[in-house]
Amino acid sequence: MTIDFEVERIDYVSLDGPDELLSRNLMSPFVWTEKDDARLHMLVRAVPPNMEEQKTESGRIWYGRSGSDGLSFRMNDTPVIVPGPSGKDMRGCEDPTVVKTDDGYIVLYTGVDGGGTGHLLYATGPRIDDLEKHGVALADSKSENNVKEATVLRSDGTWRLLYEYAHNGHSLVSLTYGDGVAGPWREQPDPFGIRKGHWDSFHLSTGPLWLGNPEMPVMFYNGADKNTDWGIGWVALSPDLCRVVARSDKPLIAPPSDVTGQKDIAFAASLVDNEGTLWLYYSRNDRELRRATIRPLKG
């Protein structure tokens, strides 16, 4: 069986909330659904709008809910995860990933320390707006620095964690297996790599998984060339996430052509399966939020 995808439409995602949030740049929208609730839920990274402030803070994480349309979100008055006051997230909190459990929620996030290095951290709580930090989920191992951008698949009691790491100037994607959110972890070979001569020739980063066919999970991943022009593609993997089954030749969502920032960036963060219609939430140019409606094509 062959598989492909097409983008049917792209919509703006808007937030309503306090000025402290709305004055910031918005990134990493993690959107999910809850049982017996027509609303959608979001965690989002909010970044100070000017470069001077960004030298001391790379972001904090806010929570909100939408109506059933999933395009307009009412955000809480205060953030749910904030930097510091010291340690591995003293400079910023980024890239939230939500895992629902019987006891409540686990949120994996990237903490940025005082030297600007990223660490994969986690917090837990009975409610998404009542979280307690616990420290490191996955320590730097093969990475030179910046373990970040967690994507999780839990199956048969095993955590399969895909993450971004830095090596020889590249951002790459790796895979590890563990017994829980803080491991212990068993590192696996990288499931897929950069491709010379392609749009994803220099950098890779994780994106959300689609399990429409559990025998062939699909990741909507992020890739870039040496100019750091990021787009969104897809890769179909084996059930253990270790092997490539199929992969897009071209980006599903190309880098924006009317960029007004420093770089062209389209960066996927989360996916909602709306009865077979896929809603892919992503950030544009590290400032604004979008949702692509995607239709799977099967041969």
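Just a few scattered comments:
- Residue within region 195-205 that is closer than 29 Å to Ala254 by Cβ, in contact with a His (Cβ under 9 Å, 6 or more places away or on another chain), open to solvent by 10 Å² or more (accessible area, probe 1.4 Å) and part of a strand (DSSP E or B) present: yes
- Just one of the listed residues (Arg39, Arg9, Arg60) is exposed (fewer than 15 other Cβ atoms within 10 Å of the Cβ) and of a type in the set (Lys, Arg), and it is Arg9.
- Taking every residue in region 71-83 that is more than 17 Å from Pro48 (Cα to Cα) and pairing it with any residue that is among the acidic types (Asp, Glu) and not in a strand (DSSP E or B), at least 6 positions away or on another chain, the pairs with Cβ-Cβ distances below 8 Å are Asn76/Asp129.
- Of residues in region 154-194 being crowded, with 19+ Cβ neighbours inside 10 Å and aliphatic (A, V, I, L, M), the one nearest to Asp225 (Cα to Cα): Leu172
- Selected residue (only one of Ser14, Ser28 is touching a residue at least 12 places away in the same chain (Cβ under 8 Å) and on the phi > 0 side of the Ramachandran plot): Ser28
- When residues of region 233-256 are limited to those that are under 11 Å from Phe267 (Cα atoms), touching a Gly at 6+ places or on another chain (Cβ under 8 Å) and without any contact (Cβ under 8 Å) to a residue 60 or more places away in the chain, the one surrounded by the fewest Cβ atoms within 10 Å (Cβ to Cβ): Ala254
The values are calculated or read from the model by the stated rules, or taken from the named source; none is laboratory data. The model shown is predicted, which means the values in this text are computed figures rather than measured ones. Counting neighbours? That spans all protein chains shown, and the Cβs are built from the backbone with ideal geometry, glycine included. We work out accessible area using only protein heavy atoms, side chains counted, and drop any ligands, DNA or RNA first. Shrake-Rupley method; radii C 1.70, N 1.55, O 1.52, S 1.80 Å.
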